[in-house]
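Participant: My questions will all concern the structure given below.
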Amino acid sequence: MSKPSSLRRRQRRARQSFISLAVSLIVLHLGLLIACEYVPRLRDPLFGDKQHLFAMRCENVSNPTVVLMIGSSRTGMGFHGLHIEKVLQPELQRPLIAFNFGVPAAGPMTHLIYLRRLLKEGQRPDLLFVEVLPSMFVEQKEGPLERNWFAADRFRGYEFAMVSRYGLDAAKYAPDWWRTFWNPWFGLRFQLLARIAPGWVPWKVRYDWGRGADAAGWSTAMTPTVTRESYLRGLTQATAEYQPILQDLHIGGHAVQALHDIIAIARDEGIPIRLVLMPEGTDFRRMYLPHVQARIDVFLKDLGVEVIDARRWLNDDQFTDGHHMLRSGAERFSEQLGREVILPFFKKSR
Amino acid sequence: MMPDDRMSRAGGSPLPAHDCGKDAMFFNTALYLVFFFGVFTLYWLLPWARARVYLLVGASFYFYYSWSAQLAFLVTATTVMDYLLARAMDSTHKQRLRKLLLLASIFVNVGILCYFKYMNFFLDSLNEAFGGVKTMMQETGPDGKVHIVGQVLNGLNGFFGSMGMEPSFVLREIIVPFGISFYTFEAISYTVDVYSRKIKAERNLPNFMLFILFFPHLVSGPIVRGSDFLPQTHRKKRWDWLRMQLGVQIFLIGFFKKVIADRMGLFQTPVFDNPESYGTGATWLAVFAFAMRIYCDFSGYTDMAIGSAHMLGYKLKQNFFMPYLSKNVGEFWRRWHISLSTWIRDYLFIPLGGSRGGKWFVARNLMITMTIGGLWHGASWNFIIWGVLHGAMLVTHRFFRDFVVVRPRLDGALQTWLGTAFRMSLTFFCVMMCWTFFHKGTLSDTMTMFEHMFTATISTRPMDLPNRSLWYLFAVIVVAHWVGSSPAAKRLYWRTPAPVLGMANAALLTIGLVLMPETDNAFIYFDF
């Protein structure tokens with residue numbers, strides 16, 4: 001018996017809507033995958049937001065001298081590019097861009113990837129500063145310390161394959177990465193949602209840190225000033241995080257290799273490179289016991305690159321927690337870095 | 001026995017998703033989608049109706065097996081037992097033997113339920129009554145590690161010891177089979193129905209196994225009845241695009257509800273886990289979020305179950321009908337977890353005498369029914385109090401209804417739109433307050449929350465997220481309720497061009513994926 005025409009119509013409608021659902025899902029899926037390749041902010045907003053700012057700065061200034069600093073949140077809150085430009089511009093007498101590429105929880109592996117990305121995009125600095133955070137170079141059998149904050153979803157496939165060569169347990173992180181391929185709207189949901197509605201995403205999975213940065217990539221501390229109580233609270237937390245590693249720090253492993261590779265790339269590209277030990281408060285510095293300090297000194301000396309030891313440049317009241325700088329600290333650090341390192345470098349090279 | 005982290009433990013303490021098996025297939029996971037897609041494809045490719053039933057039985061067994069191999073065999077064994085007892089019951093006319101077989105079935109089913117779900121609660125409560133303390137028992141395992149194997153009830157030991165006895169009461173880490181309350185009720189309803197000759201015993205074992213083990217309803221319902229499901233196992237299934245579309249649509253709605261539930265959990269869980277750290281505003285917000293969460297979570301699960309079943313050619317009964325729009329508690333229970341409320345009505349309330357008697361007699365029946373209903377949800381005082389409160393509200397409502405019936409002016413006022421809004425709000429408020437008991441925390445946690453709700457308290461810990469997203473999602477729920485109850489929206493649905501409908505579904509799924517929070521939350525009702 002043939003079906004009534006209304007039922008046939010409904011069946012046809014159901015089939016069409018089914019096909020439309022499947023096609024729409026495929027289009028949405030592929031669309032996001034392709035967009036991720038061209039818009040870095042979608043996959044890795046921590047990089048993408050800063051790269052966008054950097055590109056904008058470079059576009060707006062003709063023939064600038066570019067100083068770039070790559071590092072962790074210490075750099076992010078410490079390297080005040082606009083202040084450096086203001087201080088040095090009159091003396092340099094040429095356009096200067098000092099850009100901050102500090103990203104929270106970034107270590108040598110992330111620095112290496114970011115440097116490669118920037119060079120690939122043709123964003124080549126005239127002077128490169130790379131932060132050296134000693135704890136990141138601890139030798140552990142589980143792999144580089146950076147693994148603890150490593151988010152595979154932020155990296156492209158070949159980048160993920162690359163970092164796997166630096167001692168990262170690829171099998172552990174691979175499912176996260178593949179999820180961004182098979183199901184990108186789910187795998188990249190925090191990146192996407194934090195861009196559309198940041199208030200919907202808990203702090204620990206927010207990737208939009210770079211959005212609060214100024215035009216030169218510098219991010220101010222959450223609070224403009226700190227009380228003694230809040231400083232001590234922050235210091236206690238920092239001590240809990242760093243002391244177990246610093247008390248008997250053995251330097252080695254793949255993180256060291258990553259730093260060597262950064263230096264090698266800079267040399268190959270002809271980019272002058274300086275390593276920076278960022279300022280730390282008195283209480284924080286106490287965590288470096290003499291034998292540990294000796295190991296760090298040997299390690300830095302063996303790198304064969306000029307190291308700027310800025311650890312004692314600031315007073316304790318210029319930190320929020322003994323190692324993240326307040327605005328006043330950032331200005332002082334940046335000014336000193338500008339006058340003592342950047343300015344002499346460019347005067348000499350001129 | 002080693003504590004097995006795959007399952008929820010005795011004492012009714014729901015565990016988060018990560019405590020479940022690595023291969024646990026929650027409906028909102030990619031693993032389930034892969035599993036379902038495989039079953040679905042194979043199912044519709046098979047040309048033989050019998051083979052399809054076998055496939056579904058096998059798939060359902062695997063579904064449960066992925067959580068626990070041992071318990072999958074236990075569930076299967078009890079299912080076979082119920083099948084045999086019902087067959088025997090059906091084949092004899094000796095009333096005493098039939099009764100004996102029925103009692104055997106009930107005894108085994110309820111016995112297993114009590115052992116797994118309530119034994120530790122009972123012993124623990126007994127121990128607390130004697131003022132005892134628990135001491136962990138440890139033993140060194142073959143791996144050289146020290147494991148906690150149980151808890152000695154020193155209080156009982158002390159009590160019996162004082163009487164010259166030396167008992168050894170030990171609280172074991174009993175693993176509660178997922179969904180035990182659901183399939184136990186299904187099995188009991190089946191044997192009771194066979195006994196009372198409402199249905200004939202199923203002759204085909206695979207069909208009967210499918211009735212109990214069918215994976216969409218296995219772990220969290222809806223509680224299906226033999227009279228609804230078994231005839232479907234005999235019908236030949238034909239591919240039907242309309243049915244597929246309906247199934248996908250219902251599944252997607254359920255998925256989106258689950259996402260809302262998980263997002264509500266971001267506001268509720270921190271407060272329920274640490275009530276002493278949060279002040280008045282945060283606690284009220286958490287209680288409200290929990291009311292939204294539990295509805296979206298459970299009805300979301302049910303929708304996904306109904307959708308999955310539809311796509312395989314089976315129809316499960318509706319389990320929710322916009323319960324927060326109820327105008328009284330009685331109506332709420334006709335709209336909330338309908339399969340459970342009708343079950344306890346048919347197999348508990350009516351056998352107790354139901355409404356055939358004086359008002360105090362009915363009140364007694366309601367109180368007994370709802371208290372057992374509370375205990376069904378979990379073995380803890382929180383759930384018992386929750387059941388008692390609902391029983392008390394149902395009794396109060398009955399008394400109030402009798403009071404209003406003879407006062408036409410008051411009745412008229414309550415029937416106006418303002419009166420209706422008031423009744424809805426009051427019902428929602430009462431239900432919401434009762435949900436405060438409906439969680440894994442202790443009774444003292446609940447009391448702390450009540451204290452913070454009704455006395456001005458300041459939070460010592462900030463919330464992770466601003467409240468705004470909660471209110472937006474609440475607005476989504478309100479709009480969805482309006483759409484669900486509006487004939488105009490239904491007309492619009494049927495007039496919407498098919499491609500647009502498909503795109504809207506894709507958008508719904510995509511938005512749901514983006515909104516999913518970090519935590520991988522199991523369905524709350526998986527623990528019951």
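The numbers here are math on the coordinates, done by the rules we state, and not lab data. Just so it is clear, the structure is predicted and the values come from calculations on it, not from any experiment. Every residue, glycine among them, receives a Cβ derived from its backbone with ideal geometry; neighbour counts consider all protein chains shown.
Participant: Residues with amide H under 5 Å of A:VAL66's amide H, sequence separation 5 or more or different chain, H placed in the peptide plane at 1.01 Å from N; which?
Facilitator: A:ILE97, A:ASP126, A:LEU127
Participant: Which percent, nearest 5, of DSSP beta bridges in the protein assembly as shown are antiparallel?
Facilitator: Counting only bridges with both partners in the protein assembly as shown, antiparallel ones make up about 45 percent.
Participant: Right, next: Using amide H atoms built in the peptide plane, which far-off residues or other-chain residues are under 5 Å from B:ILE199 H to H?
Facilitator: Result for B:ILE199 returns B:VAL194.
Participant: Only counting other Cβ atoms within 10 Å, I'd like B:MET424, B:MET311 sorted with the fewest neighbours first.
Facilitator: B:MET424, B:MET311
Participant: Given R₀ = 56 Å, what would the calculated FRET efficiency be for A:SER349 paired with A:ILE26, taking r from the Cβ atoms and rounding to 0.05? Intermediate values should be presented prior to the final figure.
Facilitator: Numbers: r = 54 Å, r/R0 = 0.96.
FRET efficiency, A:SER349 to A:ILE26: 0.55.
Participant: Taking the Cβ of A:ARG327 as the centre, find all other residues whose Cβ is under 13 Å away and add up their charges (Lys, Arg: +1; Asp, Glu: -1).
Facilitator: Around A:ARG327, the charge tally is -3.
Participant: So which aspartates and glutamates pass the test for B:LYS99, namely a Cα distance under 17 Å, with those fewer than 8 places away in the same chain ruled out?
Facilitator: Qualifying aspartates and glutamates at Cα under 17 Å: B:ASP82, B:ASP90, B:ASP193.
Participant: How high is the FRET efficiency between A:LYS86 and B:ALA507 when r is their beta carbon distance and R₀ equals 51 Å, given to the nearest 0.05?
Facilitator: 0.60
Participant: In terms of the Cα gyration tensor, with a ≥ b ≥ c the square roots of its eigenvalues, is the stretch B:465-523 rounded because a/c is under 1.5, prolate because a/b exceeds b/c, or oblate?
Facilitator: Oblate, because a/c is 1.5 or more while a/b does not exceed b/c.
Participant: Related question: Pairs to check: A:LYS301/A:LYS347; A:LYS120/A:LYS347; A:LYS50/A:LYS204; B:LYS94/B:LYS200; B:LYS236/B:LYS315. Give those whose C-alpha atoms are more than 21 Å from each other in this structure. Before the final figure, lay out each step's value.
Facilitator: On the way: A:LYS301/A:LYS347 25 Å; A:LYS120/A:LYS347 28 Å; A:LYS50/A:LYS204 19 Å; B:LYS94/B:LYS200 16 Å; B:LYS236/B:LYS315 13 Å.
Cα-Cα > 21 Å for A:LYS301/A:LYS347; A:LYS120/A:LYS347; rest within.
Participant: If neighbour count is taken as other Cβ atoms inside 10 Å, put B:HIS93, B:HIS481 in order from fewest to most.
Facilitator: Sorted ascending by nearby Cβ count, the order is B:HIS93, B:HIS481.
Participant: Taking a virtual spin label 7 Å from the Cα of A:HIS52 along the C-beta vector, which residues in the stretch A:14-44 bring their backbone nitrogen under 15 Å of it?
Facilitator: The answer is A:35-44.
Participant: Sticking with this one: Provide the FRET efficiency to the nearest 0.05 for the A:ARG15-A:GLU139 pair, computing r from the beta carbons and using R0 = 60 Å. Before the final figure, lay out each step's value.
Facilitator: Numbers: r = 61 Å, r/R0 = 1.02.
That pair, A:ARG15 with A:GLU139, gives E of 0.50.
Participant: Let me check I've understood the local charge: for A:ASP317, count other residues with C-beta under 14 angstrom from its C-beta, Lys and Arg +1, Asp and Glu -1. What total comes out?
Facilitator: Here the count lands on -3.
Participant: Quick check on chain A: take the gyration tensor over C-alpha atoms, sort the square-rooted eigenvalues as a ≥ b ≥ c, and tell me if it's rounded (a/c under 1.5), prolate or oblate.
Facilitator: Because a/c hits 1.5 or more and a/b exceeds b/c, chain A counts as prolate.
Participant: I'd like the distance separating the alpha-carbon centroids of the stretch B:345-392 and the stretch B:176-213, in whole Å.
Facilitator: 23 Å
Participant: Could you name the lysines in cross-link range of B:LYS440, using Cα to Cα under 24 Å and dropping any fewer than eight places away on the same chain?
Facilitator: Counting by Cα, and skipping residues close in sequence, B:LYS440 has these lysines nearby: B:LYS22, B:LYS117, B:LYS134, B:LYS257, B:LYS258.
Participant: Follow-up. Using a cut-off of 9 Å between beta-carbons, work out the net charge of the residues near A:TYR166 (Lys and Arg +1, Asp and Glu -1, A:TYR166 not included). Present the calculation step by step, with values, prior to reporting the outcome.
Facilitator: Numbers: positive: A:ARG165; negative: A:GLU146, A:ASP261.
Its environment carries a net charge of -1.
Participant: Which ordering of B:GLU518, A:GLU280 is given by a fewest-first count of other beta-carbon atoms within 10 Å?
Facilitator: B:GLU518, A:GLU280
Participant: For the protein assembly as shown, place one equal point scatterer on every Cα, skip the solvent, and apply the Debye formula. What is log10 of I(q)/I(0) at q = 0.05 Å⁻¹?
Facilitator: -0.38
Participant: Compute the Cα gyration tensor for the stretch B:336-439, then decide on rounded, prolate or oblate, letting a ≥ b ≥ c be the square roots of its eigenvalues: rounded whenever a/c is under 1.5, prolate when a/b is larger than b/c in the other cases, and oblate in all that remain.
Facilitator: Values: a/c = 2.32, a/b = 1.36, b/c = 1.70.
Oblate shape, in that a/c is at least 1.5 and b/c is the bigger or equal ratio.
Participant: Mean projection of the alpha-carbon convex hull of the stretch B:320-368 over all orientations, in nm²?
Facilitator: Dividing the Cα hull surface by four gives the mean projection, 3.4 nm².
Participant: Which lysines, on any chain, are close to B:LYS359 with Cα under 29 Å apart, when same-chain ones fewer than 8 places away are left out?
Facilitator: Counting by Cα, and skipping residues close in sequence, B:LYS359 has these lysines nearby: B:LYS327.
Participant: In Å³ and rounded to a whole number, note down the convex hull volume per residue for the Cα atoms of the stretch A:279-350.
Facilitator: Per-residue hull volume (Cα only) is 87 Å³.
Participant: With the alpha-carbon atoms as the only input, what is the per residue convex hull volume for the stretch B:289-404 in Å³?
Facilitator: 122 Å³
Participant: Still on this structure: Taking H as built 1.01 Å from N, whose amide H comes closer than 5 Å to the amide H of A:ASP309, not counting residues under 5 places away?
Facilitator: Correct list: A:LEU277.
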